[in-house]
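Novice: Before we start, here is the structure in question, set down as structure tokens.
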Amino acid sequence: MITRSPIPLQRQASTPATGAWQAQLAGAIRDPQELCRRLALDERWWPGAETGHALFEVRVPEAYLARIRPGDPHDPLLRQVLPLGEEAEAAPGYVADPLEEADHTPRRGLIHKYAGRVLLIASPACAINCRYCFRRHFPYEENAPSRAQWTDTLDYLRADDSIHEAIFSGGDPLAASDRQLAWLVERLEAIPHLKRLRIHTRLPVVIPDRIDDALLDWLGHTRLQKVMVLHINHPNEIDETVIDACRRLHDAGVTLLNQSVLLAGINDDVDTLAALSERLFEAGILPYYLHVLDPVSGAAHFDVPDDAARILVAELRKRLPGFLMPTLVREVPGETSKTPL
Ligand SMILES: *Cc1c(COP(=O)(O)O)cnc(C)c1O
Ligand code: SF4
């Protein structure tokens, strides 16, 4: 089991968690029974929630909870965050580190598998714990570098002029403080061959107030081209607060893309996927990837078989303009790109 503290980088940077989003992050629901009670789920759900929570702790911010229908155990947003007893069941082929990332970390907090771009683990924490997450067993603590260790990572980037893009990943990189992120971006900017900053984050979706002036200050002023890849699986995740956050990002010159995970019982039907693409575009976001589930232990009950996934995407293509079609991909350990199905 991994235990992740909610805001370690803020503590490192010794900025008090007083801002609106920090308070929301710290105040997220972390008790499985409280989650059930708040959503009027009867006691039948409690033992499973406790079992799953013991494997990967519950974390649901209020702003996300507000989009879940109380009393509906099948709500597609609830399903992404409610631990179930099934998580304790072993399934053949489902393992702790399905992507074998432990093998590709030449420096702390850095994963270099693909040409021209590197992943930087800018924060080990997440604002929400998604039950299907392939990082549910990732050794975060070992990969959360301090400032001194970042220097080593930055040297690696400086020394390799084939790297044009730095990708902030995690955990969720926007769980780090703006002070920490601004510090890092300032150093990345000074590396001449870096052209792009990409941020893989779910925070603008789960706590839209994260997109505040302090963030827009460093993000809006970097010379790097900016891409943000959000993570949204269901149209109900996009309410007016998310649309407002996206508008602020767009005004700061950020290109917005989205990746989803195909999840049984959540978005594995054509109507939902079509509605998701339409809703994304209303928020100014283009669909990018639709991932099949990574075979991480504890998540087998979310699996959609490959054949069903291909049929779904073929049906989707009949419903949507080409620019609203995500690419269906799998992450294959050892490959140097995502693998289209
Ligand atoms: C997914 C991923 C990327 C980004 O891949 P794109 O196809 O450019 O979105 C980069 N590095 C690693 C290790 C990844 O897993
Ligand atoms: S926000 Fe992303 S990294 Fe964090 S638990 Fe969810 S899917 Fe995993």
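Novice: Kindly indicate which of 340, 295 is modelled with pLDDT under 95 and within 16 Å of ligand 1 (Cβ to nearest atom). Lay out the reasoning, then the answer.
Specialist: Values: 340 fails: modelled with pLDDT under 95.
Sole residue among the options that is modelled with pLDDT under 95 and within 16 Å of ligand 1 (Cβ to nearest atom): 295.
Novice: Something else: Is it true that residue 128 is modelled with pLDDT of 95 or more, within 16 Å of ligand 1 (Cβ to nearest atom) and surrounded by 19 or more Cβ atoms within 10 Å (Cβ to Cβ)? Break it down stepwise before answering.
Specialist: Details: modelled with pLDDT of 95 or more: yes; within 16 Å of ligand 1 (Cβ to nearest atom): no; surrounded by 19 or more Cβ atoms within 10 Å (Cβ to Cβ): yes.
Criteria not met by residue 128.
Novice: Can you find even one residue in the stretch 220-234 that is open to solvent by less than 20 Å² (accessible area, probe 1.4 Å), over 30 Å from residue 320 (Cβ atoms) and either within 16 Å of ligand 2 (Cβ to nearest atom) or in contact (Cβ under 8 Å) with a residue 24 or more places away in the chain (or both)?
Specialist: Yes: the stretch 220-234 contains one or more residues that are open to solvent by less than 20 Å² (accessible area, probe 1.4 Å), over 30 Å from residue 320 (Cβ atoms) and either within 16 Å of ligand 2 (Cβ to nearest atom) or in contact (Cβ under 8 Å) with a residue 24 or more places away in the chain (or both).
Novice: Pairs, please: C-beta under 6 Å, at least 6 apart or cross-chain, first residue more than 27 Å from residue 296 (Cβ to Cβ) and in the stretch 314-341, second hydroxyl-bearing (Ser, Thr, Tyr) and away from ligand 2 (no atom under 16 Å from the Cβ)?
Specialist: From the stretch 314-341, the pairs are 320/277; 324/277.
Novice: Which one is surrounded by the most Cβ atoms within 10 Å (Cβ to Cβ), of the residues in the stretch 165-178 that are within 11 Å of ligand 1 (Cβ to nearest atom) and over 10 Å from the mean Cα position of the chain (by Cα)? Before you say what the answer is, go through the steps one by one.
Specialist: Narrowing the stretch 165-178 to residues within 11 Å of ligand 1 (Cβ to nearest atom): 165-167, 169.
Going one step further and asking which of them are over 10 Å from the mean Cα position of the chain (by Cα), we end up with 165-167.
Numbers: 165: 17, 166: 27, 167: 19.
Out of the qualifying residues, it is 166.
Novice: Another question about this same structure. Considering only residues that are more than 24 Å from the chain's Cα centre (by Cα) and open to solvent by 40 Å² or more (accessible area, probe 1.4 Å), look in the stretch 314-340 and name the one that is farthest from ligand 2 (Cβ to nearest atom).
Specialist: Within the stretch 314-340, the match that is farthest from ligand 2 (Cβ to nearest atom) is 318.
Novice: Among the candidates 241, 201, single out the residue that is more than 24 Å from residue 115 (Cβ to Cβ) and under 19 Å from the mean Cα position of the chain (by Cα). Full working, then the answer.
Specialist: Working: 201 fails: more than 24 Å from residue 115 (Cβ to Cβ).
Matching residue, one of 241, 201: 241.
Novice: Among the residues of the stretch 197-218, how many are open to solvent by 10 Å² or more (accessible area, probe 1.4 Å), of a type outside the set (A, V, I, L, M, F, W, C) and over 14 Å from residue 122 (Cα atoms)?
Specialist: Of the residues in that region, 4 qualify.
Novice: With the requirement that a residue be more than 16 Å from residue 128 (Cβ to Cβ), open to solvent by less than 50 Å² (accessible area, probe 1.4 Å) and among the aliphatic types (A, V, I, L, M), what does the stretch 51-99 give you?
Specialist: 84, 91, 99
Novice: Please work out if residue 262 is surrounded by 20 or more Cβ atoms within 10 Å (Cβ to Cβ) and either under 22 Å from residue 165 (Cβ atoms) or touching a residue at least 60 places away in the same chain (Cβ under 8 Å) (or both).
Specialist: yes
Novice: Here are some residues: 326, 305, 321, 333. Which one is out of contact with any strand residue (DSSP E or B) (no Cβ under 7 Å at 6 or more places or on another chain), outside the structural domain of residue 83 (by TED's automatic domain parsing) and under 27 Å from residue 254 (Cβ atoms)?
Specialist: 321 is the lone residue from the list that is out of contact with any strand residue (DSSP E or B) (no Cβ under 7 Å at 6 or more places or on another chain), outside the structural domain of residue 83 (by TED's automatic domain parsing) and under 27 Å from residue 254 (Cβ atoms).
Novice: How many residues are open to solvent by 10 Å² or more (accessible area, probe 1.4 Å) and either at pLDDT 95 or above or assigned to a strand (DSSP E or B) (or both) when one looks only at the stretch 107-125? Walk me through it before giving the result.
Specialist: Our first condition is that a residue be open to solvent by 10 Å² or more (accessible area, probe 1.4 Å); within the stretch 107-125, this holds for 107-108, 112-117, 119, 124.
When the remaining residues are screened for being either at pLDDT 95 or above or assigned to a strand (DSSP E or B) (or both), the result is 107, 112-117, 119.
So the answer is 8.
Novice: Can I ask one more? Got at least one residue in the stretch 294-313 being open to solvent by 50 Å² or more (accessible area, probe 1.4 Å) and within 16 Å of the chain's Cα centre (by Cα)?
Specialist: Looking through the stretch 294-313, none of the residues is open to solvent by 50 Å² or more (accessible area, probe 1.4 Å) and within 16 Å of the chain's Cα centre (by Cα).
Novice: Which numbered condition in (1) without any contact (Cβ under 8 Å) to a residue 60 or more places away in the chain; (2) surrounded by fewer than 21 Cβ atoms within 10 Å (Cβ to Cβ); (3) under 16 Å from the mean Cα position of the chain (by Cα) is the only one that residue 154 fails?
Specialist: (3)
Novice: Collect the residues in the stretch 39-49 that are open to solvent by 70 Å² or more (accessible area, probe 1.4 Å) and part of a helix (DSSP H, G or I), keeping them in residue-number order.
Specialist: Result: 43, 44, 47.
The values are calculated or read from the model by the stated rules, or taken from the named source; none is laboratory data. All figures in this text were calculated on a predicted structure; none of them were measured in a lab. For neighbour counting, all protein chains shown are included, and Cβ atoms are generated from backbone atoms with ideal geometry for every residue, glycine included. Just the protein is used for accessible areas: all its heavy atoms, side chains included, with ligands, DNA and RNA removed. Shrake-Rupley method; radii C 1.70, N 1.55, O 1.52, S 1.80 Å.
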